[in-house]
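Enquirer: Attaching a single structure in structure tokens format; questions to follow.
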Amino acid sequence: MKTIRTKEALSALSREWHAAGETVALVPTMGYLHEGHLSLVRLARKKASRVVVSVFVNPTQFGPNEDFEKYPRDEEHDFALLRAEGADAVFAPAPSEMYAADATVSVVESSLSKTMCGAFRPIHFSGVLTVVLKLFNASRCDVAVFGEKDAQQLSVIRRMVRDLDVPVEIVGAPLVREPDGLARSSRNVYLSAAERQRALSLHEGLDAAEAAWRAGDDSAAHAIATVRNALEGKADKVDYVVAVDPVSLAPVERLVPGTLLAVAAHFGSTRLIDNHFLRGSGRNA
Ligand code: PAF
């Protein structure tokens, strides 16, 4: 596995691969890798002959009072996991390599990114889109793989690719859970044992809402109430619970296959997100 620190070296490697008739898949990450990230790498492997994983804690997607400084980092461990997974290259640039000190251009999405997490993290998606586009440009990737855990991020990236004619195929990969049902997240390390126990209410609420839908209740309001009930007394603060169309992120009244049920809530000082795309069999599926 090659370790690459500069955009120029990454572009050169990608050009070399393309000249040899190969295709390139990119898996953008912020590191502190877990099984969820590794599932993205495996999917990327199926989509292209070369796999590049970026490991970059992107400062521009964190708000002033967010966890940029304390975001967990462990480069050596990340690289070992990626080597074992058979990644062809890891791109781990310094912030100064990614951003000119006097940079003045960024990517702004003005609709999908304003709801859900965007309503609580106003600069977040602009930071994400800007770094993702820069990573696409540096890696010259054909395909990029993102987790459905960050469902809104995936929708916003798909919209950028559509609206700016970005020549990259976007692939979504299913959310991966811990054995107890908690969605895998690098931020889970912040949770105390008690907070982690309470955070299980996220997936319990989503499971209960999905079960009710399968049993025939297609009311979005009922599904939202079910998730909120599960969080009652467990979450310290609920940012949102929504049932939305997965492409437009517009709220729906009736649940249908594909509807995105999504939640963001705080447990102690940790903010977690979780979601279900309604799928599978059942009376309403
Ligand atoms: O999902 C993430 O880890 C980040 O938002 C991403 C896509 C790597 C951009 O920094």
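Enquirer: Could you please rank 98, 160, placing first whichever residue has the fewest other Cβ atoms within 10 Å of its Cβ? Working shown, then result.
Expert: Details: 98 20, 160 24.
Starting with the residue having the fewest Cβ neighbours, the order is 98, 160.
Enquirer: Hey, another quick one. Which value in nm describes the separation of the simple spin-label points at residue 68 and residue 115, placed 7 Å from the Cα toward the beta carbon?
Expert: With each label placed 7 Å out from Cα toward Cβ, I get 2.9 nm.
Enquirer: Compute the distance from the alpha-carbon center of region 57-128 to that of region 1-54, in whole Å.
Expert: Each part's Cα centre sits 17 Å from the other's.
Enquirer: Which loop-located trypsin sites (Lys or Arg not before Pro) does region 58-144 contain, where loop means any DSSP state but H, G, I, E or B and the Cβ has at most 12 other Cβ atoms within 10 Å?
Expert: Numbers: sites: 70, 73, 83, 114, 134, 140; in loops: 70, 73, 140.
Answer in residue order: 70.
Enquirer: Right, next: Under the rule of -39500 (n - 2.57) per DSSP H run of 4 or more residues, summed and divided by the residues of the chain, what mean residue ellipticity at 222 nm is obtained, to the nearest 500 deg cm²/dmol? Working shown, then result.
Expert: On the way: 9 runs with 109 residues, N = 285.
The per-residue figure over the chain is -12000 deg cm²/dmol.
Enquirer: Binning at 10 Å from 0, report for region 171-216 what percent of all alpha-carbon pair distances ends up in each bin.
Expert: All Cα pairs, binned at 10 Å, distribute as 23, 46, 26, 5 percent.
Enquirer: Within region 149-209, report the trypsin sites (Lys or Arg not before Pro) that DSSP leaves as loop and that have at most 15 other Cβ atoms within 10 Å. Could the numbers behind the result be given before it?
Expert: Working: sites: 149, 158, 159, 162, 177, 184, 187, 196, 198; in loops: 184.
Here no trypsin sites (Lys or Arg not before Pro) fit, given the DSSP loop and packing criteria.
Enquirer: Right, here's the next one. Once you have the Kirkwood Rh of region 111-243 from its Cα pairs, apply Stokes-Einstein at 4 °C and 1.567 mPa s and quote D in µm²/s. Before the final figure, lay out each step's value.
Expert: Working: Rh = 16.8 Å.
It comes out at roughly 77 µm²/s.
Enquirer: Let me ask something additional. Filter the trypsin sites (Lys or Arg not before Pro) in region 213-285 down to the DSSP loop ones having no more than 16 other Cβ atoms within 10 Å, then list what survives. Write out the running numbers ahead of the final one.
Expert: Working: sites: 214, 228, 234, 237, 254, 271, 279, 283; in loops: 234, 279, 283.
For trypsin sites (Lys or Arg not before Pro) across region 213-285 that sit outside H, G, I, E and B with at most 16 neighbouring Cβ atoms in 10 Å, the list reads 279, 283.
Enquirer: Would you mind computing, in nm to one decimal, how far apart the modelled labels at residue 200 and residue 266 are, each placed 7 Å from Cα along Cα→Cβ?
Expert: 2.4
We did not get these values from a lab; they are worked out from the coordinates using the rules stated. Since the model is a prediction, treat every value here as computed from it, not as a measurement. Cβ sites come from the backbone with ideal geometry, for glycine too, and all protein chains shown count toward neighbours.
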